[in-house]
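The values are calculated or read from the model by the stated rules, or taken from the named source; none is laboratory data. Just so we're clear, the structure is a prediction, and the values are computed from it rather than from any experiment. Don't worry about glycine lacking a Cβ; one is built from the backbone with ideal geometry, like all the others, and counts go over all protein chains shown. Areas reflect the complete protein model, heavy atoms only, side chains present, ligands, DNA and RNA absent. Shrake-Rupley method; radii C 1.70, N 1.55, O 1.52, S 1.80 Å.
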Amino acid sequence: MNSVTAHDYAWIRTSPIFRHMRESGYTLTLIQGRTPREVLRAMEAEPRGTGEGTAGLIEADDAHRAEADYDYWDESYIAGAFSAPGEKGDWTLVLGFDGGLGIAPPCVETLSKGGRVVAHSTNGGKPIHLFHWFEDGELRTTFEGPSSRDGSTPDELIPLLREVGLPLTSEGEHDESAPDVDRKAAVLALAERLTGIRITESLLQDATYELGLVPEQPAEEWTSVVIDITDAQGERLHREWTYEEIATASDRVRAEANAPVVITYNNAPTTARSEHETGE
């Protein structure tokens with residue numbers, strides 16, 4: 001039985017590779033039963049040859065960004081993929097310095113049909129750390145903070161989350177009495193529990209990556225906005241606004257801003273002032 005915990009991934013705290021991943025924003029995805037070429041094709045990536053290790057991947061990504069004139073809004077990126085042995089056969093590992101955007105959900109759902117996909121990411125800047133577990137085309141569990149989970153089976157991983165070191169009660173709530181833990185290290189341990197793949201610095205550094213240029217994804221139409229915040233005490237604020245509610249509020253604010261300004265004066269009536277002045 002795999003008993004890996006966050007402690008086994010303590011090396012990421014001093015790893016130059018993980019420092020670059022955190023600062024740039026990355027997504028690391030593990031796909032069961034698919035070849036690197038098959039995965040890149042599903043991502044609609046334009047083949048860009050191969051790169052030796054993370055140095056080759058970073059060099060190719062830097063070259064692409066130079067071609068794009070370092071456009072901040074250009075969300076295309078170079079992804080690198082290689083095959084790695086894991087639970088029940090070979091998996092494909094995909095690494096991209098994509099700002100934490102991740103592979104498009106419809107693509108991941110397709111790639112997980114008949115198998116499993118596990119992904120984790122960091123967006124760089126003000127970090128948002130996400131985790132996703134797909135099984136046979138279905139998003140089973142996803143979270144940023146482990147006490148605020150979503151998906152079709154949000155509570156199924158609670159025992160594993162606790163075993164790898166994340167501070168949760170047996171009911172899946174935040175456990176204030178639990179010891180502090182590197183949550184990114186714990187997420188890597190969780191990914192290994194689900195895939196059988198031990199991520200090491202040498203695994204990432206020494207692999208030969210098949211490279212592909214992943215194009216920008218078209219903007220999705222949105223129907224609502226969700227604010228989901230959990231504070232340091234574990235208190236959760238969850239509120240959803242529909243598109244119609246936001247549009248109505250925007251129209252109201254716009255109308256108020258465009259309304260004519262009426263200035264009134266609070267002066268006493270002339271007759272009352274005259275009576276006071278004359279004593280009548």
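When only the Cβ of Lys, Arg, Asp and Glu is charged (+1, +1, -1, -1), the dipole of the stretch 1-159 relative to its Cα centre reaches about 440 debye. Per residue, the solvent-accessible area of the stretch 1-155 (1.4 Å probe, heavy atoms of protein chains only, all protein chains present) comes to 49 Å².
Local charge for GLU138 was computed over the other residues whose Cβ lies under 10 Å away, with Lys and Arg +1 and Asp and Glu -1, and equals -1. Here the gap between VAL181 and ALA10, fully extended at 0.36 nm per residue and compared with their Cα-Cα distance, gives a gain of 60.6 nm. Close amide H partners of ALA207, meaning residues 5 or more places away or on another chain with modelled amide H under 5 Å apart, are GLY53, THR54.
Each of LEU30, ALA68, MET43 was scored by the projection of its Cα onto the charge dipole of the stretch 1-72, and the greatest displacement toward the positive side belongs to LEU30; charges sit on the C-beta of Lys, Arg, Asp and Glu.
Peptides 6-13, 209-216 ranked from most to least packed by the mean count of surrounding Cβ atoms within 10 Å: 209-216, 6-13. The residues of the stretch 165-210 expose on average 43 square angstrom of accessible surface per residue, using a 1.4 Å probe on protein heavy atoms.
Cα centroid separation, the stretch 168-217 to the stretch 145-159: 15 Å.
For the stretch 122-167, carbon and sulfur atoms together expose 50% of the accessible surface, with a 1.4 angstrom probe and every protein chain in place. Less than 5 angstrom separates the built amide H of LYS113 from those of GLY137, all sequence-distant by 5 or more or on a different chain.
Across the stretch 92-103, computed HN-Hα scalar couplings (Karplus, 6.51 cos²θ - 1.76 cosθ + 1.60, θ = phi - 60°) run 10, 9, 10, 10, x, 8, 9, x, x, 5, x, 5 Hz from first to last residue, x flagging Gly and Pro.
Model label points for ALA104 and ARG65, set 7 angstrom from Cα along the Cα-to-Cβ axis, are 2.3 nm apart.
Its Cα centre serving as origin, the stretch 96-163 has a Cβ charge dipole (Lys and Arg +1, Asp and Glu -1) of approximately 160 debye.
Judged by the mean number of other Cβ atoms found within 10 Å, the most tightly packed of the peptides 168-174, 86-92, 112-118 leads the ranking 112-118, 86-92, 168-174. Working note: Karplus 6.51/-1.76/1.60 with θ = phi - 60° gives the stretch 82-89 the couplings 8, 8, 9, x, x, 5, 6, x Hz, where Gly and Pro are set to x. Assuming a ≥ b ≥ c are the square roots of the Cα gyration tensor eigenvalues, decide whether the stretch 135-187 counts as rounded (a/c under 1.5), prolate (otherwise, with a/b larger than b/c) or oblate. Cα axes put the stretch 135-187 in the prolate bin. When only the Cβ of Lys, Arg, Asp and Glu is charged (+1, +1, -1, -1), the dipole of the stretch 1-73 relative to its Cα centre reaches about 400 debye. The phi-based Karplus calculation (6.51 cos²θ - 1.76 cosθ + 1.60; θ = phi - 60°) puts the 3J(HN,Hα) values of the stretch 161-166 at 4, 5, 5, 7, x, 6 Hz, whole numbers, x for Gly and Pro.
Semi-axes of the equivalent ellipsoid of the stretch 70-163 are 23, 19, 12 Å, computed as sqrt(5λ) over the eigenvalues of the C-alpha gyration tensor in descending order. For the stretch 1-140, the alpha-carbon coordinates run over 46, 35, 28 Å along the three principal axes, in decreasing order.
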